[in-house]
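Following: one structure in structure tokens, then a few remarks.
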Amino acid sequence: MKRVSYFLFLASFICLTISCQQVEKSFFSDKEYREQVKTDFQKRKSTLSLGRAEALFSVFDKPGLTLEEREALEFLFAYMPLSDLADYDGDFYLSQVRTALEARDFFEWGAKIPEEIFRHFVLVYRVNNENLDSARQVFFNELKDRVKNLGMEEAALEVNHWCHEKVNYRATDGRTSSPLDLVRTAWGRCGEESTFTTSALRAVGIPARQCYTPRWAHTDDNHAWVEVWIDGKWHYMGACEPEPVLDAAWFAAPVKRAMMVHTNVFGKYTGEEEKNVDEPMYSTINLLSNYTDVREAKALVIDAGGKPVAGAKIAFKVYNYAEYYPIVESLTDAEGKASIYTGLGDVLVWASRDGIFGYAVSSPKDRSVTLTLNKKEGDSFEDKYEIIPPVEQKVGGVSSELAAENGRRGRLEDSIRKAYMDTFIDEQTARNFASGINLSADDTWKYLNSAQGNWREIKKFIEKNRDDKYLFPLLSAVSEKDLRDVPESILTSHLQGFHRIGIKADTPEDIIPRTLLSPRISREIIRPWREFFQKEFDSSIVEHVRENVGEIVSFVKNGIKTDDQQNYYKCPLTPRGVYEMEIADKHSRNIFFVSLCRSAGIAARLNPATSRPQYYDGEWKNAEFEDDIREIYPQAKITFGSAKENLLKPQYGTHFSLARFQDGDFVTLNLRRNAPTISVDEGYYRLMIGSRASDGSVTINNKYFEIKENQSLNLEIKMPEIVSKVQVLGIIDMNTKITLSGGRETTLKDLSDGKGVMLCFADPDREPTKHVLQDLPAQGDELNKWGGGILFLVPDDKLSSAFDHTVFKNLPKNNAWGVDSRRTLLNETVSTLKLDFNDNFPLTLLLTNSGGIIYYSSGYKIGIGEDIVKCLAK
């Protein structure tokens, strides 16, 4: 019996030991990495303001916290950006950790995921610069039963189908909505779709990362999508654009012409990918070789005497939207050298040191380029050169059977999304509501319609504040996206705070809505900062600083430390977060300054052209936070004029731009597109004018000049000439019958009216078609003068009940929509042009009145309307 008792005791002891070991499981198997994280966590913790310490770190005192949870939290706190330390608490991050670990243990693929991949691409709660929310918990609970019995690859594809049920593409502003806000709206731009989809995949324990081409080289704009880790390998997918297989998407062809694809990785990452940036808290990894052939672009920077320049700032740039946009920035090494892996096209390399600069174009044929720092501020000169992007490449597609079944599912998903969007308030209900409370029906409908899924919150705000004369001015002063995601309570808080404190004397009435009343400052999430600061500071202090704004400038300058590296996702801190943290990136500090001023009744803004923080004191004055910033800059005037030889009217930000010299490089001014005369600070400028050819190459003219106080300068915008000939590429029968929306029949000849037809075969559910619809209004005047037909034909297998072309405003007058039954005309066109089409929508043609095809474009491209106008002018 003693022996039996002994063995029972021993077995119990072993079980208890195993149980304890399970409870005490570490999040890190690599001891060295674990110690590094602990060291970095303690260092980070010791540098934080006491104002945030309790909210963040009291979570470690919670009963029941396991070692694995504790270490996962330490990893997050050690490397998270400043915005996340400033604006969320420890309980939020603990819920993120627990749900991530729950998903890992719930799904069978969780055991396959390597620790490092899980740590950086599942656990991490942030994807880009979005506002954070509880999407991980919501998405896990909604998706777990749907995908639990699937393999990892099938689950990833199914999650993307679910995402498409919730969200579709539509262009919007650059602030990234949170995943749950995007679901409420039901649409967003590609950066939001990919943030949402990455969040959904991580919620079910599938490693995912958002990938960006920061700017295309062959066309304007950029794009974002998702990569998923499946059984040891990364694959790509279009976010909210489900395909039947992985590594298939409409951007498969454009990305082969990319010069960079990258993603940010949270924390110390030791993966094998090439690193463009390797900082203590994050890295930016280069993923371009996953998609296309690459080359090493090497550069040597020397001074005027031929000696290598170490520590020079260097940037590799592509031409996009009439500016040089950096795809990688770094410093030269001790030998004056730097390099990146990029695509097989041209890249501009720019370098500077101590205000002296130089540049050169690196082409695939160059083993290395040498940049001589021999130009300085004030030098007047002009140059001209051509930038050649990587050549177009063919890609395959999925089988017709898989595509057909995927299309069927897509239409079902569209109907699910449409059923939700049909719950948004309708016009008649909105007008009846306005009539019942004696408000403008037009204004009320405009704001309720813009609010989309957030319409109940905006309706509540309107009803609660219906007697306030600043009701509609406030709604007009925020963005449409704000209407879609800001709660009523926050808007009401700002309206009440505006009235509570009053307005600084002599403030012009016309600047009040946008620079004093508005809670919108830049691209930050709106929070009730006005109420917070008015409670935080005694009214006598507010009255004093209102007449002594310089004291607010001093308070911010001396009280807020700036650190741009720690806020690497560039998500702005909220004003309250800056105040409590006492540290911020410069942009968040500037937002904080503006919020303090507005809270005290002082009009303030970020300058629309330069983004400098300014306050109004009889005139707009700059807040002098840096030594090289002056309170008031001497002003000059520039007038832009279009040369008579231009085939189309040049647009700012598309065909030309103006940039001011600052810290060794030129910073593009954010100007209104149609302002012929502008006021600018005196200084050194570059005027850039570019013409893009149909093959994506760009001819660029640059003019470098200085402008002094009170000087007026006329700048002629003459588009560089691109020599090309119009030729007939094929013939389409103009007597072909077309069935228009509504059932009316016509022919291409009737639509032509003797002038020709722009014909666009469209897949209305996909982003490339929507870009054509968004781009055409810019050329509306020229296309209306032409007077030909503009026909959008949707193959019947691409029809979607959720698509509403009326949301695309200001299309040229002669536009019509029709259905291409069984792809009859599309197939005829593809055969005539001998295209390997593979559903590379949109396919856009320009037809002469006799049916000659004199232009075509297949797939994603920005500026198709401009191409059409140029072709018509020849």
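Annotation for the range 14-24: no member residue is out of contact with any His (no Cβ under 8 Å at 6 or more places or on another chain) and closer than 25 Å to VAL265 by Cβ. Kindly establish whether TYR616 is of a type in the set (Phe, Trp, Tyr) and either within 17 Å of ILE560 (Cβ to Cβ) or modelled with pLDDT under 95 (or both). No. Taking each residue of the range 526-543 that is on the phi < 0 side of the Ramachandran plot and looking for partners that are surrounded by 12 or more Cβ atoms within 10 Å (Cβ to Cβ) and in a loop (DSSP other than H, G, I, E, B) with beta-carbon atoms closer than 6 Å, six or more apart or interchain, yields ILE526/VAL486; ILE526/PRO519; ARG527/THR574; VAL542/ALA600.
Keeping to the range 338-367, report how many residues are over 23 Å from THR284 (Cβ atoms), among the polar types (S, T, N, Q) and touching a Lys or Arg at 6+ places or on another chain (Cβ under 7 Å). Of the residues in that region, 0 qualify. Taking PHE472 as the residue in question, decide whether it is open to solvent by less than 20 Å² (accessible area, probe 1.4 Å), within 28 Å of PRO519 (Cβ to Cβ), assigned to a helix (DSSP H, G or I) and in contact with an Asp or Glu (Cβ under 6 Å, 6 or more places away or on another chain). Against the criterion (open to solvent by less than 20 Å² (accessible area, probe 1.4 Å), within 28 Å of PRO519 (Cβ to Cβ), assigned to a helix (DSSP H, G or I) and in contact with an Asp or Glu (Cβ under 6 Å, 6 or more places away or on another chain)), PHE472 does not qualify.
Beta carbons closer than 7 Å, at least 6 apart along the sequence or on distinct chains, pair a first residue in the range 347-371 that is free of Cβ contacts under 8 Å to residues at least 24 places away in the same chain with a second that is of a type in the set (Phe, Trp, Tyr) and in a strand (DSSP E or B) for TYR359/TRP350. Checked against (1) closer than 16 Å to GLU154 by Cα; (2) open to solvent by 10 Å² or more (accessible area, probe 1.4 Å); (3) not in a strand (DSSP E or B), ALA200 passes all but condition (2).
Residue-wise test of (1) outside any loop (DSSP other than H, G, I, E, B); (2) modelled with pLDDT of 95 or more; (3) more than 29 Å from the chain's Cα centre (by Cα).
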site	(1), (2), (3)
LYS418	yes, yes, no
THR429	yes, yes, yes
ASN432	yes, yes, yes
ASN438	no, yes, yes
LYS446	yes, yes, no
ARG456	yes, yes, no
GLU463	yes, yes, yes
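Scan the range 841-874 for residues that are more than 17 Å from THR747 (Cα to Cα) and either in a helix (DSSP H, G or I) or open to solvent by 40 Å² or more (accessible area, probe 1.4 Å) (or both) and the total you get is 12. Hey, any hits in the range 34-55 for a residue that's open to solvent by 20 Å² or more (accessible area, probe 1.4 Å), of a type outside the set (S, T, N, Q) and assigned to a loop (DSSP other than H, G, I, E, B)? Yes, there is a match, as at least one residue in the range 34-55 is open to solvent by 20 Å² or more (accessible area, probe 1.4 Å), of a type outside the set (S, T, N, Q) and assigned to a loop (DSSP other than H, G, I, E, B). The criterion of being surrounded by 19 or more Cβ atoms within 10 Å (Cβ to Cβ) and in a loop (DSSP other than H, G, I, E, B) does not hold for LEU157.
Within the range 621-642, the set of residues being open to solvent by less than 30 Å² (accessible area, probe 1.4 Å) and over 30 Å from GLU716 (Cα atoms) comprises ASN622, ALA623, PHE625. Applying the condition of being assigned to a helix (DSSP H, G or I) and in contact with a Leu (Cβ under 8 Å, 6 or more places away or on another chain) to the range 475-508 and asking which residue is nearest to ASP443 (Cα to Cα) yields LEU475. Scanning the range 422-438 for residues that are within 21 Å of PHE803 (Cβ to Cβ), of a type in the set (Val, Ile, Thr) and open to solvent by less than 60 Å² (accessible area, probe 1.4 Å) returns a single hit, ILE425.
Can you find a residue in the range 168-182 that is among the β-branched types (Val, Ile, Thr) and modelled with pLDDT under 95? So far as the range 168-182 goes, yes, one or more of its residues are among the β-branched types (Val, Ile, Thr) and modelled with pLDDT under 95.
Evaluate the range 138-154: report whether one residue or more is within 30 Å of LYS43 (Cα to Cα) and surrounded by fewer than 22 Cβ atoms within 10 Å (Cβ to Cβ). Scanning the range 138-154, I find no residue that is within 30 Å of LYS43 (Cα to Cα) and surrounded by fewer than 22 Cβ atoms within 10 Å (Cβ to Cβ), so the answer is no.
Per-residue answers, yes or no, for (1) charged (D, E, K, R); (2) without any contact (Cβ under 8 Å) to a residue 60 or more places away in the chain:
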| site | (1), (2) |
| --- | --- |
| ALA171 | no, no |
| LEU180 | no, yes |
| ARG184 | yes, no |
| GLU192 | yes, no |
| THR197 | no, yes |
| TRP216 | no, no |
| ASP220 | yes, no |
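Annotation: of all residues in the range 272-317 being of a type in the set (Val, Ile, Thr) and farther than 25 Å from SER83 by Cβ, the one that is surrounded by the most Cβ atoms within 10 Å (Cβ to Cβ) is VAL301. Could we say that TYR470 is among the aromatic types (Phe, Trp, Tyr), farther than 26 Å from VAL807 by Cβ and at pLDDT 95 or above here? Here the answer is yes, as TYR470 does meet what is asked.
Of (1) small (Gly, Ala, Ser); (2) in contact with a Phe, Trp or Tyr (Cβ under 9 Å, 6 or more places away or on another chain); (3) farther than 24 Å from ILE437 by Cβ, GLY497 satisfies all except one. Which? It fails just one condition, (3). Among the residues of this structure, PRO777 counts as one that is farther than 27 Å from GLU745 by Cβ, open to solvent by 30 Å² or more (accessible area, probe 1.4 Å), part of a helix (DSSP H, G or I) and touching a Lys or Arg at 6+ places or on another chain (Cβ under 8 Å).
In the range 551-567, of all residues being in a loop (DSSP other than H, G, I, E, B) and touching a helix residue (DSSP H, G or I) at 6+ places or on another chain (Cβ under 9 Å), the one that is nearest to ILE541 (Cα to Cα) corresponds to ILE560. If I filter the range 182-191 for residues that are in contact with a strand residue (DSSP E or B) (Cβ under 8 Å, 6 or more places away or on another chain), farther than 20 Å from LYS418 by Cβ, crowded, with 24+ Cβ neighbours inside 10 Å and among the hydrophobic types (A, V, I, L, M, F, W, C), do I get at least one hit? So far as the range 182-191 goes, no, none of its residues is in contact with a strand residue (DSSP E or B) (Cβ under 8 Å, 6 or more places away or on another chain), farther than 20 Å from LYS418 by Cβ, crowded, with 24+ Cβ neighbours inside 10 Å and among the hydrophobic types (A, V, I, L, M, F, W, C). Within the range 56-71, being surrounded by fewer than 19 Cβ atoms within 10 Å (Cβ to Cβ) and of a type in the set (A, V, I, L, M, F, W, C) holds for PHE57, PHE60, LEU65, LEU67.
Among the residues of the range 72-90, which ones are farther than 15 Å from GLY51 by Cβ and open to solvent by 10 Å² or more (accessible area, probe 1.4 Å)? Result: GLU74, single match. Residues being more than 24 Å from SER46 (Cα to Cα), open to solvent by 10 Å² or more (accessible area, probe 1.4 Å), touching a residue at least 40 places away in the same chain (Cβ under 8 Å) and of a type in the set (Gly, Ala, Ser): count how many of those fall in the range 91-135. Number satisfying all stated conditions: 1. Just one residue in the set ASP804, ASP867 is modelled with pLDDT of 90 or more and under 33 Å from the mean Cα position of the chain (by Cα); that residue is ASP867.
The residues on offer are LEU835, LEU825, and the sole one that is closer than 24 Å to ASP221 by Cβ and either assigned to a strand (DSSP E or B) or in contact with a Ser or Thr (Cβ under 9 Å, 6 or more places away or on another chain) (or both) is LEU835.
The values are calculated or read from the model by the stated rules, or taken from the named source; none is laboratory data. What you are looking at is a predicted structure, and each value in this text was computed from that prediction instead of being measured. So basically every Cβ, Gly included, is an ideal-geometry build from the backbone, and we count neighbours across all protein chains shown. All accessible areas refer to the heavy atoms of the entire protein, side chains included, with ligands and DNA or RNA removed. Shrake-Rupley method; radii C 1.70, N 1.55, O 1.52, S 1.80 Å.
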